[in-house]
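What follows is a short report on a single structure.
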Amino acid sequence: MVASLHIVNPNLASAFSLPPRSNTLSVSIHASALLQILESSYFDQNKNGRIIGTLLGSRSEETTEVQVKDSFIVSHTEDGDEFTIDSSQREFVAIHKKSSPRDSVVGWFSINSKVDSFIGLVHDFFSKGPDSTHPYPAIYLSIQLCDESGSFVEPVFKAYVASPVGCYGALASHLDLEKAGSFVFSEVPTKVIYSANEKSLLAHFKNNVVEPKVPIPQNDTNQLISQLNKLDVSIDQLIDYVDKVISGSLDRNDVKNDEIGRFLLTNLVSLPTSPSKEELSSSISSHIQDSLMIDYLASAVKTQLDVSSKLMNLVQDDK
Amino acid sequence: MSYELNASVALKIARSGAEHWPHPASGPLFGFPETPDSVKISHVFSFPTNNNHHNQNEEGFSFRSNVNLDFQERTLQELNKAKIGAQFSGWYLCSQGGRFITQSVLETMLQFHNQRAKSLDRQPELVLVVHETSKARQGLVSFKAYILSPQLIQTSQMREKFITKNLRTAELTFSNLLKEVPLTVRNLSLVGGALDGLIPDDVSTESERILALGNSTQGDLNTIEQLLETVDHFNHNQGNFHYYQRLLSREQQRISQWVSKREQENAATLKRNPNATESELLRTDSYEWCKHFKLPTEPSRLENLVLSGQIDAFCEGLINSADIEIAKSIGVQNRLFN
């Protein structure tokens, strides 16, 4: 390879001479992985120095999306220009691969890190060698929890990919110019994703932000009630909107009003033709009858079970 | 006892359930005992066997498979090496209805309990965190934490273990095999702040699936299928026990015949010789008939308890979802037609 100044846009060609990519890389972080990083930072915040860790996840072959599914903190030591990554890194990667064999290392993260040559060195570590992202480019996720004065702010997270810059190759090493760890970082779009299962949980957390301990709802009926209350609020909003439209007092500059309007448009058009009132009434009644039947039969089975276990003990005890 | 999950742990359990649905998933939990009575769970891993779906007919079977025990041990070692210092605190199970109540789960929990009981310092009880994936898919938050009930531990330490007499003494029934304990999720101020940025405010139609009429039908159908199967097992088990009871009563009949025959002989001897000493009479006490007859041993009632517990939980689940359906339907009916 010819030694030359080498600056490549990482979005167009990957850092390791792979065929050029036409699509932009994007990063999706699972909410659980992100929360885990935040929690571990909270846990470690008394220690000095920076926190770095490994990101695990998967890449889709068709799209250029990288999913970050899991993370763990890696202990390291810094000594001037030298740094050492603890060997536990490899063990943890092996453990994660056991529980989810399809996942691999996709990159690394740092918390409250300032930009210096260290970042290049670590990025080099995660891009090459065993348990690295090779042959794919590594993702670097930077998370800022504090502003420059050291007080906490709303977390800011950004993902980057990097291309090496500077001389490398045989000639460079011959001329003693080779320098590992020089990169150009460019930001890639990032989003947080979660499954429907996680969503209800996240919403529950969000509703209880003020509590130091979030209770887990014990009762499904209570959850139904809270959902119904939410529905009530939405209906009120809708009625309010419709009233305003009728009276012509709608604020056309409010983006929220536009959203409601669009929502109504898409949902009302696609509604199937409604059944007649009688049909609806009879199908709802029969649904109630069915539910009552289930309720009754299940209670009957329970009672029978209770009686049987009491009788068993009595009969057996007599002997 | 009370347990607290880190927010990320709760999310990971939910995700694991979603990824492996409709198959069960399980894994070890690691955490820090705050006091002997409360544990903070900070790490969760998914068992390697969650990925082979074909041999997961029995829930929680995987707790004791060698692959998983090795995995659990190795993870713990690595956590300690990384100076995280978390301890093994229990398991999570993503399951449906009462399916998690199995003999295998209970026996594993007992086995670990006994191992830990041997160590000198008091360790917190191991917890079983159960997440119902089918409920989560309806938009409900469903996490429950269980520990072994004192009644079950007491019975397991008795001689002859799970026989009716012991069940009576310890007051162990199918409804108190496990004890539910309070479970909360730790709320970090930081995470709270982060959540605001993470979750969009929009009222999405997806999370309100619980409001849709008849949305639990699929889950209920599965439960009913499970219920029928479990009732069959239960009857089979009951049949075995009846067989034992018939055997027992036949033996008892033979013994009483034997005893009355001996008493008749004694009466005859006394008639002939009213001054006969006790040693001349035939003995009829239990010590004596034990030499001649052998009563069948009572089979363990544990399986019966487990099956009863499952049936009870299935029914409870059905009643619960039927109640929700009734509430919703009647609400709609009143509003639309009255």
Euclidean distance of C-alpha centroids, the range A:233-251 and the range A:54-119, integer Å: 50
Base-10 log of normalised Debye intensity for chain B (one unit scatterer per alpha-carbon) at q = 0.09, 0.10, 0.14 Å⁻¹: -0.63, -0.74, -1.21
Most positive-pole-ward Cα, A:Leu268, A:Ile246, A:Leu231, against dipole of the range A:224-271 from beta carbon charges: A:Leu268
Average beta carbon contacts from partner chains per residue of B:135-147, 10 Å cutoff: 5
Which listed pairs, of A:Lys206/A:Lys256; A:Lys230/B:Lys12; A:Lys98/A:Lys213; B:Lys118/B:Lys161; A:Lys277/B:Lys135; A:Lys69/B:Lys144, have C-alpha distances above 28 Å, in listed order: A:Lys98/A:Lys213; A:Lys277/B:Lys135
Inter-label distance, nm, simple model (7 Å from Cα along the C-beta direction), B:Ile224/A:Arg262: 4.2
Relative contact order of chain B, defined on C-alpha pairs under 8 angstrom at six or more residues apart (%): 18
Most fluctuating residue given options B:Glu125, B:Glu288, B:Glu78, as computed from a GNM of chain B linking Cα atoms under 10 Å: B:Glu288
Cα shape, the range A:193-302, gyration tensor, a/c 1.5 rule: oblate
Dimensions in Å of the range B:241-338 - Rg and Dmax from alpha carbons: 29.8, 95
Percent of alpha-carbon pairs separated by more than 19 Å within the range A:224-271: 33
Shape of the range B:103-143, Cα gyration tensor, a/c cut at 1.5: oblate
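Can you give the average number of partner chain beta-carbon atoms within 10 Å of each beta-carbon in peptide A:98-104, as a whole number? Each step should come with its number before you reach the end.
Values: counts 12, 12, 7, 2, 1, 0, 0.
Across the residues of A:98-104, the mean count of other-chain Cβ atoms within 10 Å is 5.
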Net length gained if the chain between A:Val255 and A:Gln304 were fully extended (0.36 nm per residue, minus Cα distance): 11.7 nm
Average other protein chain Cβ within 10 Å of Cβ, residues B:234-246: 1
Counting all C-alpha pairs of the range B:210-278, share separated by more than 17 Å (%): 70
Protection proxy ranking, peptides A:156-165, B:278-287, average beta carbon neighbours within 10 Å, highest first: A:156-165, B:278-287
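Rule-based calculations on the coordinates, nothing more; no lab input. Quantities reported herein were computed from a predicted structural model and do not represent experimental measurements. Here the Cβ is made from the backbone with ideal geometry for all residues, glycine too, and neighbour counts use every protein chain on show.
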